[in-house]
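Engineer: Got a structure here, written out as structure tokens. Questions coming.
Read the figures in this text as sums done on the coordinates, not as results from a lab. Keep in mind the model is a prediction, meaning the values are calculated, not measured. Cβ placement follows ideal geometry from the backbone for every residue including glycine, while neighbour counts extend to all protein chains displayed.
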Amino acid sequence: MTDFSAVLNAEQCAAATAGGGPLLVLAAAGTGKTRTLVYRVAYLVEQGVPPNEILLLTFTNRAAREMMERAKEVAGPEVGYTLSGTFHHVCNRFLRRFAERLGYRHDFTILDRDDSLSLINTCAGELGLKYKGFPKKEVIASFIGKAANRAATVEDILKEYESELLVEAKDILRVTDLYVERKKAEGMMDFDDLLVNGLRLLCEHEDVRTLYQRRFRHVLVDEYQDTNLLQAKMVDILAGHHHNVMVVGDDMQCIYTWRGADFRNIREFPARWSGCRIIKLEQNYRSVPEVLAVANACVRGVPEAFKKQLRATRQPRNQPRVLMLRDGNDQAQAIIRLVRRYLEDGYSLSDMAVLYRAHFHSIELQMDLARTRLPYVITSGTGVFEQAHVKDVLAFLRLCEGPRDYTAFKRLMGMLSGVGEKTAESLWVKLNGSFESRNPQVRQALSAALRPAARGQWQGVDRLFAEYHAEGLGTKGAEAIERFYEAFYRSYLYRAYENPEKREEDIHEVAVQIGTVKGGVPAFLQEVALLTNIDHEYEQMEKNNEPTLHLSTVHQAKGLEWKIVFVIWLAEGMFPSSRSLGEAESDEEERRLFYVAVTRAKDELVLCAPEIRRMRDGGVFFCKPSRFIKEIPRELVRESYGLR
DNA sequence: GTTGGGAGAATTTTT
DNA sequence: TTCTCCCAAC
């Protein structure tokens with residue numbers, strides 16, 4: 001039995017060992033929120049709660065995995081049977097079991113962002129709505145997303161934007177309606193559908209609702225301030241029987257309102273759950289007091305529902321630096337110099353991170369790092385599993401497992417020379433809308449329908465389908481991928497893409513990944529759309545264990561910490577982003593985002609503000625230092641100008 | 001119907 | 001500068 005009072009402070013311990021009933025834990029940055037949740041899970045298991053009756057909802061899969069590993073260390077391996085993961089992940093689990101209730105097949109496919117964007121494009125094209133001035137697919141996707149995450153209709157959302165719309169709302173609705181219809185017809189769900197349908201399942205099917213309500217004796221939620229209406233409702237329902245619901249969050253760190261997050265969820269939690277206890281974690285173990293002083297200064301005036309005092313526990317050290325620089329190149333140089341100096345001081349590269357508002361802010365730095373041969377990892381915009389060449393390979397596997405996967409079919413056929421969208425479509429019609437890859441006659445029919453040049457290329461793949469089923473390669477996904485690569489894909493890769501060597505590596509990497517999944521290819525395919533680059537990277541870093549400098553957006557750095565943190569491009573228009581200027585609410589959100597960035601730092605914080613932006617076309621653009629820097633009282637920082 | 005070239009647009013944050 | 005889309009030539 002663990003002595004919780006020995007390893008946790010009084011507040012953490014009270015939260016971790018609380019009895020049943022609703023509980024709101026307000027955990028300011030760096031106060032041991034994760035630690036508290038980890039020990040909460042361990043405590044429950046030690047108290048005799050069966051792990052599979054605990055539900056732990058997190059914001060990323062990585063957070064879930066980290067917490068589970070640590071909880072296992074405390075309370076033993078059986079903790080691993082806890083159901084944990086993101087809302088999307090958990091909904092996926094529910095839906096794989098009960099999708100039929102909603103008129104889907106249990107092997108529905110999940111559309112990632114790219115898939116849904118191109119489907120929107122197709123819909124708009126078919127309706128002849130692609131004239132100049134018609135909203136781009138990204139814009140339409142944002143309408144659809146906003147509607148889903150706020151439990152509204154697209155029509156409602158369009159009304160809000162009425163004044164900005166240049167085209168008839170009716171036309172946009174025709175596209176979104178067709179999009180919904182197509183998804184349904186092909187049995188596909190996008191990310192939003194997972195949440196919407198997960199919730200529908202609970203609301204509309206009493207037996208399913210009762211099943212899960214009774215099963216989950218304890219529901220724990222991390223990062224509760226970033227939940228949207230659907231997610232909050234889902235939590236309320238799931239905890240509706242046992243009432244043992246513990247949510248952890250900090251309204252000052254709400255940075256996803258643009259995605260539908262609504263901090264009213266956290267503010268009104270005590271009102272929704274009568275008898276709710278509130279515990280505040282206010283002792284900060286992460287940052288030196290000088291960093292906390294800057295953090296507190298930047299969010300002064302931002303409304304906060306629950307007043308929290310961040311109490312420093314660490315010894316004073318150095319004040320944060322503010323570097324005023326000429327441009328992005330100087331900024332990159334300054335960072336590299338400082339990194340070197342910190343290395344001389346005995347820090348490791350993996351103790352350091354560079355954070356920024358948007359991915360493209362890091363380009364100059366990336367180039368300079370590569371030139372100076374400092375190893376770095378970047379949590380890039382597109383995940384490993386979203387890249388075209390990886391999706392190509394997965395299309396083959398999808399078709400091995402699911403005969404009705406039209407998307408995969410189109411993708412795979414499109415790799416044959418002389419075959420494009422139209423040909424693929426007519427082939428699909430000839431096959432009556434399914435490709436049963438284990439049936440030799442069906443395969444024969446497809447081969448026969450191909451034109452000679454394509455048929456030659458197809459032979460290797462055709463044979464591979466036979467081998468896949470005969471040798472049960474579904475349980476040996478890595479081998480299936482390698483064979484597909486050898487038999488067919490390599491030649492396509494070198495023809496179709498630039499930098500094929502780099503892409504080749506990715507494919508071998510995916511083969512390795514697939515080998516680590518229990519349940520082989522089918523299980524992997526059901527989850528792959530929900531795996532993000534962060535999850536992947538985490539494993540990669542563990543594997544080769546080489547210290548690397550970390551580059552990340554502030555959003556993706558949430559929940560992480562480093563000894564030394566650089567925040568770059570603190571210039572008006574960059575951070576805060578010009579896209580968000582003008583609206584009062586987003587000023588506050590940018591501020592909270594800056595607060596999150598600052599509070600990632602343990603020992604040293606470096607804030608960089610270049611004054612010239614060089615545009616792609618060679619033009620220059622002067623920008624003022626960010627308001628977030630200007631507002632910091634000067635006595636709290638060490639300020640310096642230029643490269644020194 | 002497919003493919004590649006050339007013109008044109010333009011830079012958030014993500015499950 | 002880089003990506004995306006459109007159109008014209010196979």
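Engineer: Could you please rank A:Ser118, A:Ser350, placing first whichever residue has the fewest other Cβ atoms within 10 Å of its Cβ?
Structural biologist: Numbers: A:Ser118 13, A:Ser350 17.
Starting with the residue having the fewest Cβ neighbours, the order is A:Ser118, A:Ser350.
Engineer: Over segment A:192-256, what is the mean sequence separation of C-alpha contacts under 8 Å (at least six apart), divided by residue count, expressed as relative contact order in percent? Each step should come with its number before you reach the end.
Structural biologist: On the way: 70 pairs, mean separation 24.9, N = 65.
38 percent.
Engineer: How high is the relative contact order of chain A? Use alpha-carbon pairs under 8 Å, at least six apart in sequence, and give a whole percent. Walk me through the numbers on the way to the answer.
Structural biologist: Numbers: 1018 pairs, mean separation 116.4, N = 644.
Relative contact order here is 18 percent.
Engineer: Here's something else I'd like to know. Past 21 Å, Cα to Cα: identify those pairs from A:Lys146/A:Lys410; A:Lys183/A:Lys518; A:Lys72/A:Lys518; A:Lys136/A:Lys391; A:Lys476/A:Lys518; A:Lys137/A:Lys159, in the order given. Please report the intermediate quantities before stating the final value.
Structural biologist: Numbers: A:Lys146/A:Lys410 29 Å; A:Lys183/A:Lys518 29 Å; A:Lys72/A:Lys518 19 Å; A:Lys136/A:Lys391 23 Å; A:Lys476/A:Lys518 10 Å; A:Lys137/A:Lys159 18 Å.
Over 21 Å apart, Cα to Cα: A:Lys146/A:Lys410; A:Lys183/A:Lys518; A:Lys136/A:Lys391.
Engineer: Could you pull out every residue, at least 5 positions away or on a different chain, whose amide H is within less than 5 Å of the one on A:Thr548? Hs are placed 1.01 Å off N in the peptide plane, and Pro or chain starts have none.
Structural biologist: Amide H neighbours of A:Thr548: A:Ser350.
Engineer: Would you compute, for the Cα atoms of segment A:49-96, the largest minus smallest coordinate along each principal axis and list the three values in descending order, in whole Å?
Structural biologist: The Cα atoms of segment A:49-96 stretch 30, 21, 13 Å along the principal axes, largest first.
Engineer: I would also like to ask the following. Can you give me the angle between helix A:191-204 and the longest principal axis of chain A, using Cα atoms only, in degrees from 0 to 90, rounded to the nearest 10?
Structural biologist: Taking Cα atoms only, the helix is inclined about 90 degrees.
Engineer: Using helices alone, what [θ] at 222 nm do you get for chain A, with -39,500 (n - 2.57) per DSSP H run of 4 or more residues, divided over all residues and rounded to the nearest 500? Mind showing how you got there, number by number?
Structural biologist: Working: 30 runs with 318 residues, N = 644.
It comes out at -15000 deg cm²/dmol, rounded to the nearest 500.
Engineer: According to the square roots a ≥ b ≥ c of the eigenvalues of the Cα gyration tensor, what is the shape class of segment A:186-230, taking rounded for a/c under 1.5, prolate for a/b larger than b/c otherwise, and oblate for the remainder?
Structural biologist: Values: a/c = 2.44, a/b = 1.10, b/c = 2.23.
Because a/c hits 1.5 or more and a/b fails to exceed b/c, segment A:186-230 counts as oblate.
Engineer: Counting other beta carbons within 10 Å of each Cβ, put A:Ser274, A:Ser163 in order, fewest first. It would help to have the intermediate numbers written out before the result.
Structural biologist: Numbers: A:Ser274 9, A:Ser163 5.
Lowest count first: A:Ser163, A:Ser274.
Engineer: Using Cα atoms only, what is the angle between the long axis of helix A:229-238 and the major principal axis of chain A, expressed in degrees (0 to 90) to the nearest 10?
Structural biologist: In chain A, helix A:229-238 runs at an angle near 90 degrees to the longest axis.
Engineer: Scan around A:Glu639 for amide H atoms under 5 Å from its own, H built in the peptide plane at 1.01 Å from N, and keep only partners 5 or more places away or cross-chain.
Structural biologist: A:Val322
Engineer: On to the next question. Using Cβ contacts closer than 10 Å as the measure, can you line up A:Leu127, A:Leu431 from fewest to most? Each step should come with its number before you reach the end.
Structural biologist: Details: A:Leu127 13, A:Leu431 16.
Taking fewest neighbouring Cβ atoms as first place, the list is A:Leu127, A:Leu431.
Engineer: For A:Asp190, which sequence-distant residues (separation of 5 or more, or a different chain) have an amide H within less than 5 Å of its own amide H, given hydrogens modelled in the peptide plane?
Structural biologist: A:Leu111
Engineer: Nothing charged except the Cβ atoms of Lys and Arg (+1) and of Asp and Glu (-1): what's the magnitude of the dipole of chain A about its Cα centre? Round to the nearest 20 debye.
Structural biologist: Details: 88 positive and 89 negative charges, 62 e Å.
Rounded to the nearest 20 debye, it is 300 debye.
Engineer: May I pose another question? Once the Cα atoms of helix A:363-372 and of chain A are each reduced to a long axis, what angle between those two axes, in degrees from 0 to 90 to the nearest 10, is obtained?
Structural biologist: Its long axis makes an angle of about 90 degrees.
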